[in-house]
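Here is the structure we will look at.
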Amino acid sequence: MKPDRCDERLESLPEANELARLWGAMTEIRNDIAHVGMNTQPQAASKLKQKVESFYPRLLELGKKLLPTE
């Protein structure tokens, strides 16, 4: 796979590993929702909701660090 022009910038962030982990987890949730239970072991909607809600505080924190308003 050809490196993207943003790869180096992402890898230089102290939060890069956490961002990648959260992105992967959100992708799994998105796929479970988008494929409407076609996964061989779909998660319950309540579990998906709980996971999404647990990501929000950390995403907000990361956003404030990476996208300062000033």
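Looking across segment 15-51, the residues that are acidic (Asp, Glu) and free of Cβ contacts under 8 Å to residues at least 24 places away in the same chain come down to GLU28, ASP32. Can you tell me which residue within segment 52-70, out of those that are in contact (Cβ under 8 Å) with a residue 12 or more places away in the chain and not basic (Lys, Arg), is nearest to GLU11 (Cα to Cα)? Going through the qualifying residues, I end up with LEU66. Of the numbered criteria (1) under 16 Å from the mean Cα position of the chain (by Cα); (2) loosely packed, with under 12 Cβ neighbours inside 10 Å; (3) modelled with pLDDT under 90, the one GLU15 fails is (2).
Scanning segment 26-35 for residues that are farther than 16 Å from GLU61 by Cβ and either touching a Lys or Arg at 6+ places or on another chain (Cβ under 9 Å) or surrounded by 11 or more Cβ atoms within 10 Å (Cβ to Cβ) (or both) gives GLU28, ILE29, ARG30, ASN31, ASP32, ILE33.
The values are calculated or read from the model by the stated rules, or taken from the named source; none is laboratory data. In this text the structure is predicted, and so the values were computed from the model without any measurement. When we count neighbours, we look across all protein chains shown, and the Cβ atoms used for this are built from the backbone with ideal geometry, even at glycine.
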